[in-house]
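Novice: Just dropping this structure here.
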Amino acid sequence: MLHLFVCTNETASGKPACGRRGAQQVVTAIQKELIARRVMARVTPCGCLGPCFDGPNAVVYSNTGTNGVWYGGLTAEDAPAIVEHLEHGTIYAAKRVDPPGT
Ligand code: FES
């Protein structure tokens, strides 16, 4: 099963925080899309993931131990493509970003 973590952090030490740039709306839109498509995946709001300037940020991990796939600059309109990733593993290239520190 794939697990999506979405940063909904509200403060980021003077940097632009994902939670103030629509991250909660991203979470809500993804959860609605998962329910509508009956996709079994986990979505967890979380604290700062690190690359605050690129947000709203999210990362997909798999319980099979594969490396995470990072996304940046997400909006609620990206929900169908993110759910496509969670359902079929299809990476959403338009919003994929390099993992922080690489
Ligand atoms: S506030 Fe979202 S990555 Fe830092």
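Novice: Out of 14, 22, which single residue is within 16 Å of the ligand (Cβ to nearest atom) and either within 21 Å of residue 102 (Cβ to Cβ) or within 13 Å of the chain's Cα centre (by Cα) (or both)?
Specialist: After ruling out the rest, the residue left standing is 22.
Novice: Could you count how many residues in the range 47-56 are within 6 Å of the ligand (Cβ to nearest atom) and assigned to a loop (DSSP other than H, G, I, E, B)?
Specialist: Matching residues across the range 47-56 total 5.
Novice: So, one more: Go through (1) touching a residue at least 24 places away in the same chain (Cβ under 8 Å); (2) in a loop (DSSP other than H, G, I, E, B) and name the single condition residue 11 misses.
Specialist: Just one mismatch for residue 11, condition (1).
Novice: Hey, another quick one. Find the residue count for the range 29-52, including only residues that are farther than 24 Å from residue 99 by Cα and modelled with pLDDT of 95 or more.
Specialist: Number of matching residues: 8.
Novice: On to the next question. Only one residue in 47, 68, 89 is surrounded by fewer than 17 Cβ atoms within 10 Å (Cβ to Cβ), under 30 Å from residue 13 (Cβ atoms) and out of contact with any Pro (no Cβ under 7 Å at 6 or more places or on another chain). Which one?
Specialist: Exactly one of 47, 68, 89 is surrounded by fewer than 17 Cβ atoms within 10 Å (Cβ to Cβ), under 30 Å from residue 13 (Cβ atoms) and out of contact with any Pro (no Cβ under 7 Å at 6 or more places or on another chain), namely 47.
Novice: Just to be sure, is residue 59 surrounded by 13 or more Cβ atoms within 10 Å (Cβ to Cβ), of a type in the set (A, V, I, L, M), assigned to a strand (DSSP E or B) and within 15 Å of the ligand (Cβ to nearest atom)?
Specialist: When the stated conditions are applied, residue 59 passes them.
Novice: May I pose another question? If a residue must be more than 15 Å from the ligand (Cβ to nearest atom) and either under 17 Å from residue 76 (Cα atoms) or within 14 Å of the chain's Cα centre (by Cα) (or both), how many such residues does the range 25-46 contain?
Specialist: Of the residues in the range 25-46, 13 are more than 15 Å from the ligand (Cβ to nearest atom) and either under 17 Å from residue 76 (Cα atoms) or within 14 Å of the chain's Cα centre (by Cα) (or both).
Novice: Can you tell me which residues in the range 63-85 are within 10 Å of the chain's Cα centre (by Cα) and among the charged types (D, E, K, R)?
Specialist: Hit for the range 63-85 is 78, nothing else.
Novice: A further question on this structure: Taking the range 62-94 only, how many residues are within 15 Å of the ligand (Cβ to nearest atom) and not in a loop (DSSP other than H, G, I, E, B)?
Specialist: Summing the residues that are within 15 Å of the ligand (Cβ to nearest atom) and not in a loop (DSSP other than H, G, I, E, B) in the range 62-94 gives 2.
The rows are residues; the columns are (1) closer than 13 Å to residue 1 by Cα; (2) aliphatic (A, V, I, L, M); (3) without any contact (Cβ under 8 Å) to a residue 12 or more places away in the chain.
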| site | (1), (2), (3) |
| --- | --- |
| 27 | no, yes, no |
| 40 | yes, yes, no |
| 44 | no, no, no |
| 50 | no, no, no |
| 53 | no, no, no |
| 62 | yes, no, no |
| 73 | no, no, no |
| 89 | yes, no, no |
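The values are calculated or read from the model by the stated rules, or taken from the named source; none is laboratory data. Predicted, not measured: the structure shown is a model, and the values here were computed from it. Using ideal geometry, Cβ is built from the backbone for each residue, glycine included, and neighbour counts are taken over all protein chains shown.
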